[in-house]
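Just below is one structure, and these are the notes that go with it.
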Amino acid sequence: MPKIAITGKGGVGKTTLAALLAHVYAEEGRTVLAIDADPAASLAFSLGFPAELAAQITPIAEMDELIFERTGAQRGATGGYFRLNPRVDDIPDRFSALHRDIRLLRLGTVKMGGAGCICPESALLRNLVTHLLVARDEVVILDMEAGIEHLGRGTAQAVDAFLIVVEPNRRSLSTAMQIHKLATDIGVHRVYLVGNKVGDGDRAFLEEQSNGIPIAGLLPVDERVNEADRAGIPVFDAAPRLVECARQIAQVIG
Ligand SMILES: Nc1ncnc2c1ncn2[C@@H]1O[C@H](COP(=O)(O)OP(=O)(O)O)[C@@H](O)[C@H]1O
Ligand SMILES: [Mg+2]
């Protein structure tokens, strides 16, 4: 039951890949939990969640009552004592929604008070991510932003495949190399690149620029991704060619 984290520069195709992989594992009959950990939440769209259902999924970071209850933090108080290890095991099932055999949970954004700030929201989210990666017996796919915000030293080891999505250009590769450094610094192993929006001549460029990071797979440019978005249908229904590529990536990462 692989735990997969997906990152990369904004707009490279993280969410598209997350949705495709979620579908590939669900198709195999596995239980799949997809987690939208990007503040620019859009995974529900790529998974084709109906708007009413998507609207029912409140990001965990916005659940003030839950955060106060679980951490014991005092309302309106800054500083003060709160539990760093709040209970989280019931959260995934209670606050997620299921569509097309894929369960979706949204983390939302923690408003950071400063570098290294530990506030009740971040304590809850951090503990939740650890729980999702370590204790859940299902495929977990984390759609993250361009960084490793939600992973700490304790959780890094639990990630079975850390996918950095790149487009065939220097900007996204440069971001990828920064992310790669941060990830290896905290002990993430099994880092892969995934090339997206790749054309015929781009494979050689990516291989040349990969800095030795293995490439788990490539996805071609496919207009159907945007067509699916406009039509409000899952990307995996609209773009069978990309589903096939995602199957190959799933094979590589196990
Ligand atoms: N293989 C592809 N072919 C064509 N368009 C794509 C492809 N992958 C992603 N896109 C488009 O690129 C944009 C960004 O994709 P998205 O998955 O939301 O990226 P991210 O999550 O990294 O910000 C979207 O408009 C999406 O439709
Ligand atoms: Mg995204």
Next on the checklist: Can you find, within region 32-52, the residue that is farthest from Leu124 (Cα to Cα) among those that are more than 16 Å from the chain's Cα centre (by Cα) and surrounded by 15 or more Cβ atoms within 10 Å (Cβ to Cβ)?
Outcome noted: Gly48
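Yes or no, residue by residue, for (1) surrounded by fewer than 23 Cβ atoms within 10 Å (Cβ to Cβ); (2) hydroxyl-bearing (Ser, Thr, Tyr); (3) under 24 Å from Glu145 (Cα atoms):
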residue: Met1; (1), (2), (3): yes, no, yes
residue: Ile6; (1), (2), (3): no, no, yes
residue: Val12; (1), (2), (3): no, no, yes
residue: Thr15; (1), (2), (3): no, yes, yes
residue: Ala54; (1), (2), (3): yes, no, yes
residue: Arg75; (1), (2), (3): yes, no, no
residue: Phe82; (1), (2), (3): yes, no, no
residue: Phe95; (1), (2), (3): yes, no, yes
Checklist outcome for this item: Considering residues that are over 22 Å from Val139 (Cβ atoms) and touching a strand residue (DSSP E or B) at 6+ places or on another chain (Cβ under 8 Å), the number found within region 219-254 is 3
Next on the checklist: Gly80 - would you say it is small (Gly, Ala, Ser) and free of Cβ contacts under 8 Å to residues at least 60 places away in the same chain?
Outcome noted: yes
Checklist entry - Checking Val166 against (1) among the β-branched types (Val, Ile, Thr); (2) without any contact (Cβ under 8 Å) to a residue 40 or more places away in the chain; (3) closer than 25 Å to Arg106 by Cα, which single condition isn't satisfied? => result (2)
Checklist entry - Given the conditions (1) in contact with a strand residue (DSSP E or B) (Cβ under 8 Å, 6 or more places away or on another chain); (2) not in a loop (DSSP other than H, G, I, E, B), which single one is not true for Thr58? => result (2)
Next on the checklist: Between a residue in region 171-189 that is in contact (Cβ under 8 Å) with a residue 60 or more places away in the chain and any residue that is surrounded by 15 or more Cβ atoms within 10 Å (Cβ to Cβ) and of a type in the set (Ser, Thr, Tyr), which pairs come within a Cβ distance under 7 Å, given they are 6 or more apart or on different chains?
Outcome noted: Ile179/Thr7
Checklist outcome for this item: Residue set Ala156, Ala135, Ala115, Ala161; condition of a type in the set (Gly, Ala, Ser), modelled with pLDDT of 95 or more and over 17 Å from Pro59 (Cα atoms); output residue Ala161
Checklist entry - Taking region 214-254 on its own, how many of its residues are small (Gly, Ala, Ser), in a helix (DSSP H, G or I) and exposed (fewer than 13 other Cβ atoms within 10 Å of the Cβ)? => result 1
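Take the conditions within 23 Å of Ala61 (Cβ to Cβ) and in contact with a Ser or Thr (Cβ under 7 Å, 6 or more places away or on another chain) and apply them to Ala19. Does it pass? Can you show your working first?
Values: within 23 Å of Ala61 (Cβ to Cβ): yes; in contact with a Ser or Thr (Cβ under 7 Å, 6 or more places away or on another chain): yes.
It is true that Ala19 is within 23 Å of Ala61 (Cβ to Cβ) and in contact with a Ser or Thr (Cβ under 7 Å, 6 or more places away or on another chain).
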Next on the checklist: Which numbered condition in (1) in a loop (DSSP other than H, G, I, E, B); (2) over 18 Å from Ala250 (Cα atoms); (3) more than 10 Å from ligand 1 (Cβ to nearest atom) is the only one that Arg30 fails?
Outcome noted: (2)
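Residues of region 154-194 being among the acidic types (Asp, Glu) and within 14 Å of the chain's Cα centre (by Cα), which ones? Give the steps one after another, and end with the answer.
Of the residues in region 154-194, the ones among the acidic types (Asp, Glu) are 160, 167, 185.
Residue satisfying the conditions is Asp160 alone.
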Checklist entry - Between a first residue in region 31-50 that is under 15 Å from Val129 (Cβ atoms) and within 14 Å of ligand 2 (Cβ to nearest atom) and a second residue that is hydrophobic (A, V, I, L, M, F, W, C) and assigned to a loop (DSSP other than H, G, I, E, B), which pairs have beta carbons less than 8 Å apart while being 6 or more apart in sequence or on different chains? => result Ala34/Leu47; Ile35/Leu107; Asp36/Leu107; Ala37/Leu107; Ala37/Met144; Asp38/Met144
Item to check | Inter-residue pairs, beta-carbon under 6 Å, first in a strand (DSSP E or B) and in region 8-21, second of a type outside the set (A, V, I, L, M), 6+ apart | outcome: Gly8/Lys14
Checklist entry - Do we have any residue at all in region 197-213 that's within 15 Å of ligand 1 (Cβ to nearest atom), of a type in the set (Asp, Glu), modelled with pLDDT under 95 and surrounded by fewer than 20 Cβ atoms within 10 Å (Cβ to Cβ)? => result yes
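The values are calculated or read from the model by the stated rules, or taken from the named source; none is laboratory data. Everything numeric in this text was worked out from a predicted model, so none of it was measured. Here the Cβ is made from the backbone with ideal geometry for all residues, glycine too, and neighbour counts use every protein chain on show.
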